[in-house]
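To start, the structure under review is shown below, and the notes come after it.
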Amino acid sequence: SHNRQIALIDLVFQLGKAGMTKFKKSIPLINAGKWEEAAKEMRKSEWAKQTKNRSIEITNMIREG
């Protein structure tokens, strides 16, 4: 969905390619279309702890589409 694309673009912009490689469980789940599981894994990350409000917004967009 458009919202998921925006969320992922925002995430890549914030973290860069190197930062995205740390989402070892989330990326395969995203590629498989398992949005709920991907969002749950992302919420466990260091990124989510460091940017709590932003991570909630982004993961909600990923989960809900």
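The values are calculated or read from the model by the stated rules, or taken from the named source; none is laboratory data. The shown structure was predicted, so the numbers you read here are calculated from the model rather than taken from an experiment. Glycine also receives a Cβ, built like all others from the backbone with ideal geometry; neighbour counts cover every protein chain displayed. Heavy atoms of the whole protein, side chains included, go into the accessibility calculation; ligands, DNA and RNA do not. Shrake-Rupley method; radii C 1.70, N 1.55, O 1.52, S 1.80 Å.
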Flag if residue 32 is aliphatic (A, V, I, L, M), touching a Ser or Thr at 6+ places or on another chain (Cβ under 9 Å), free of Cβ contacts under 8 Å to residues at least 24 places away in the same chain and on the phi < 0 side of the Ramachandran plot: no
The range 32-48: number of residues that are more than 11 Å from the chain's Cα centre (by Cα), open to solvent by 90 Å² or more (accessible area, probe 1.4 Å) and modelled with pLDDT of 95 or more: 1
Residue, nearest to residue 38 (Cα to Cα), within the range 1-20, restricted to residues that are exposed (fewer than 11 other Cβ atoms within 10 Å of the Cβ) and among the aliphatic types (A, V, I, L, M): 9
Residues within the range 1-31 that are closer than 11 Å to residue 63 by Cα and under 11 Å from the mean Cα position of the chain (by Cα), tallied: 3
